[in-house]
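Participant: Shown below is the structure under consideration.
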Amino acid sequence: MANMVNLKIDGKEIKAPEGTNLIDAAELGGIHIPNLCYLKGLKGIGACRLCLVEIEGMKSPMIACTTKVKEGMSVNTKTEKVQDVRKFVIDLILSMHPLDCMTCTKAGVCNLQHYAYDFEIKESSFTRKKFGFSIDEANPFIKRDPDYCVLCGRCVRVCKDQGTRVLEFMGRGVGSKVATAEDKPLQESGCTFCGSCVDVCPVNALLEADRWRKGREWDYDMVSSVCLLCGNGCDITVSTKDGQIMKVNAGALEGSPERYICAYGRFGFDCIEADNRVTAPMKRVNGELKETTWKDAIETVANALKKAGQNAGFITTAGILNEDALTLKKLASDAVKTKNVDTTASLYGDADTLISGSAEVDSADLFVLVDLNPNQWQRVLPAIDAVIRRRINAGAKLIVINSSEPKIASVATVNLIENEAEALRSLTNALLDKGLSGDKKLASDVSSATVSETMEKAATLYMEAKNPVILSSPAMYQAAANISLLKGVAVSVPVESNAKGVVMMGLTTEGKSYKEMVSGGLNLLYAIGEIPLNKRPDVDFLVVQNSHLTELAKQADVVLPSAAYLEIDGTMVDYLGRLKHVCKAVEPAGEAKSHREIFVDIAKAMGAEIKEAKESETKKFAKVKVKATVAPFARKEGFDVKVDEMIESINASVINGSRLLWLKEASVCA
């Protein structure tokens, strides 16, 4: 824990951790120091000069974002001198800024507007300048209007910090602007359309492309929730108006390296109103799917389940919520009396390889990436890619262990392109040689492993690290966790958002596996969510419960409309083992219901009374404590999936039913 420093800001006694800058220290005391360029979590650059403060004993004003707290320091943030400087800066910026606040989309949340109001500036005292820069709006995601830019550099810095490096300053002096390489449109510049730049822009220079006349910020109801589209499980903030989603932003704390969402999480919400959305139950009549009533659909499914009995099977994605998983488990065991219940998580892991330790990535000073290829550009576990790159820019190190060379290896301190199991054996042996103590069996297992010069360097990095974090694929998790027995913590990273949660809830098969069930041989197959399956298995009766009419749903005997991922409430467990709350942003479309509501209705129609699982129940199951034990240095067989293909498959309706389809088509044409 950092040492605390005592200081005074505007006469108020404040305690702040050693190394804190004055802007953050003032914030601890509820004091705001005006600024345009500062980004919490990044080093201050003093570009805007708004954060000037006077410090007793200093001859001239100091920049608050670059000045660290000192014991006994006395700071004044509102002296006449610094207020005059701030007013001058705002006055100058306004002379080059459009004054269309009455119709500007950012009115009310624009930092420049806020400061102009504070300093009572209605019109700039300087000669007005208009540059007439061209607007970049050739994509359906982000509109970039340089005429509104105040050259704060936030977008440039956040883009560099996460490693995408699309934006940079072009030109010099007042005529300079933020641009891409050769001033090309975003889609021709390697932009991932994550929208991090939109989140940090203090004015109207960077905005969601479709925001015009969709309401002002004060019109919006904001809900904190979680993105369920991949194994990252990122925090999001959903803004709604009149029962519709207007936008989605990153929801993690400001300054955290986890404050990131990808294009899927930010722009995929369009799919809620897609043409293939299922809004009423459907039943096959004379070979054709036709809408029916909930009563008829539930009775049809209940009768089919009764008839199938133990030869019925349930398969579901691992993106359903904990409460849905527990309720499904009750339906299968108490009403249907079948043991054939499994999830897509079984394609890449099991209880031993998915339930792992927890880690604080914010404070990690070394990452060891084992058999993973997080990639912002391909949107494969992109948040992990961004987190690691941000931590590296803050001084952390990276060791990559992979039989191929992932893109993120370009920023690694040590890159071990070799068999993962053998590399882990060798690293463990090197660590034991350097003095770390471990189990005798572990020492025996690695004693014959050779240690190369590169491996020696990796071991030295691991020894020197105070908080090393190992991130591994489920298939390699047990082998990687052997190193955590010596030092650090190992985390298994799944493909889907709640894979850990559904396994913790006990939704693992005691009968046929997922692979066996989709191979046929059942009287009835009940598929929940968007599973990676397009062809109907050889079963007598197929039920599909999903929010969209997928290729599999088109072949079903009954289709039950479920709520989409932004229309549900409940809990999930992210890849770091944290229990998170998923909050409903909008009401389900049409007659759609949550998965657990449908399960309860079916059980009731079968004559069994089950109750919807509650958060209190899921919390008990989510408290699973894992203690790593010595395991073989080997890849767990049967858990190899192509992560990029699976993520695209389970999100097919999100991608094809939203503006993300443009991104998919653009990448194909590139």
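The values are calculated or read from the model by the stated rules, or taken from the named source; none is laboratory data. As the structure is a prediction and not an experimental result, all values here were calculated from the model. Note: ideal-geometry Cβ built from the backbone for every residue, glycine included; neighbour counts use all protein chains shown. All accessible areas refer to the heavy atoms of the entire protein, side chains included, with ligands and DNA or RNA removed. Shrake-Rupley method; radii C 1.70, N 1.55, O 1.52, S 1.80 Å.
Participant: Take the conditions farther than 21 Å from LEU663 by Cα, assigned to a strand (DSSP E or B) and open to solvent by 60 Å² or more (accessible area, probe 1.4 Å) and apply them to ARG284. Does it pass?
Facilitator: Answer is yes for this residue.
Participant: Out of ALA443, ALA449, report the one residue that is aliphatic (A, V, I, L, M), over 25 Å from SER403 (Cβ atoms) and open to solvent by 10 Å² or more (accessible area, probe 1.4 Å).
Facilitator: Result of the check over ALA443, ALA449: ALA443.
Participant: For LYS87, indicate whether it is open to solvent by 80 Å² or more (accessible area, probe 1.4 Å), under 25 Å from VAL200 (Cβ atoms) and of a type in the set (Lys, Arg).
Facilitator: Judged against the criteria, LYS87 is a match.
Participant: May I ask you to verify whether TYR526 is aromatic (Phe, Trp, Tyr), crowded, with 24+ Cβ neighbours inside 10 Å, touching a residue at least 24 places away in the same chain (Cβ under 8 Å) and assigned to a loop (DSSP other than H, G, I, E, B)?
Facilitator: no
Participant: Could you tell me which numbered condition ALA250 fails, if it satisfies all but one of (1) in contact (Cβ under 8 Å) with a residue 60 or more places away in the chain; (2) buried (at least 24 other Cβ atoms within 10 Å of the Cβ)?
Facilitator: Going through the list (1) in contact (Cβ under 8 Å) with a residue 60 or more places away in the chain; (2) buried (at least 24 other Cβ atoms within 10 Å of the Cβ), ALA250 breaks only (1).
Participant: Turning to a different aspect of this structure: List the helices (runs of 4 or more DSSP H) that sit entirely inside the stretch 103-200 and contain at least 2 residues that are modelled with pLDDT of 95 or more and within 22 Å of TYR260 (Cα to Cα).
Facilitator: 154-161, 196-200
Participant: Which condition does LEU486 not pass, out of (1) open to solvent by less than 40 Å² (accessible area, probe 1.4 Å); (2) more than 30 Å from SER562 (Cα to Cα); (3) in contact (Cβ under 8 Å) with a residue 60 or more places away in the chain; (4) not in a helix (DSSP H, G or I), if it passes all the others?
Facilitator: Status for LEU486: all satisfied but (3).
Participant: Write out, first by first residue and then by second, each pair whose Cβ atoms fall under 8 Å of each other, whose residues are 6+ apart or on separate chains, and whose first residue, in the stretch 459-478, is open to solvent by 30 Å² or more (accessible area, probe 1.4 Å) while the second is hydrophobic (A, V, I, L, M, F, W, C) and part of a helix (DSSP H, G or I).
Facilitator: MET463/LEU431
Participant: Of everything in the stretch 182-233, what is free of Cβ contacts under 8 Å to residues at least 24 places away in the same chain and either in contact with a Phe, Trp or Tyr (Cβ under 6 Å, 6 or more places away or on another chain) or open to solvent by less than 50 Å² (accessible area, probe 1.4 Å) (or both)? Give them in sequence order.
Facilitator: Matches in the stretch 182-233: SER189 only.
Participant: To continue, here is another question. Being open to solvent by less than 30 Å² (accessible area, probe 1.4 Å) and polar (S, T, N, Q) is the filter; apply it to the stretch 118-161 and report the residue that is farthest from CYS65 (Cα to Cα).
Facilitator: Of everything passing the filter in the stretch 118-161, ASN139 is farthest from CYS65 (Cα to Cα).
Participant: For the stretch 1-60, name all the residues that are free of Cβ contacts under 8 Å to residues at least 40 places away in the same chain, polar (S, T, N, Q) and farther than 18 Å from GLY255 by Cβ.
Facilitator: ASN3, SER60
Participant: Working only within the stretch 287-307, note down all residues that are touching a Leu at 6+ places or on another chain (Cβ under 9 Å) and either modelled with pLDDT under 95 or assigned to a helix (DSSP H, G or I) (or both).
Facilitator: Those that are touching a Leu at 6+ places or on another chain (Cβ under 9 Å) and either modelled with pLDDT under 95 or assigned to a helix (DSSP H, G or I) (or both): TRP294, ALA297, ILE298, VAL301, ALA304, LEU305, LYS307.
Participant: Follow-up. Test ARG635 against the criterion of being open to solvent by 60 Å² or more (accessible area, probe 1.4 Å), in a loop (DSSP other than H, G, I, E, B), without any contact (Cβ under 8 Å) to a residue 40 or more places away in the chain and touching a helix residue (DSSP H, G or I) at 6+ places or on another chain (Cβ under 7 Å), and give yes or no.
Facilitator: no
Participant: Then there is this: For the subset of the stretch 368-404 comprising residues that are in a loop (DSSP other than H, G, I, E, B) and polar (S, T, N, Q), which member is farthest from ASN249 (Cα to Cα)?
Facilitator: The qualifying residue farthest from ASN249 (Cα to Cα) is SER403.
Participant: For GLU530, state whether it is in contact with a strand residue (DSSP E or B) (Cβ under 7 Å, 6 or more places away or on another chain) and within 18 Å of ALA325 (Cβ to Cβ).
Facilitator: yes
Participant: Please identify the pairs in which a residue from the stretch 76-105 that is without any contact (Cβ under 8 Å) to a residue 24 or more places away in the chain and on the phi < 0 side of the Ramachandran plot has its Cβ atom under 9 Å from the Cβ atom of a residue that is in a helix (DSSP H, G or I) and surrounded by 19 or more Cβ atoms within 10 Å (Cβ to Cβ), counting only partners at least 6 apart or on another chain.
Facilitator: CYS101/GLN113; CYS101/ALA116
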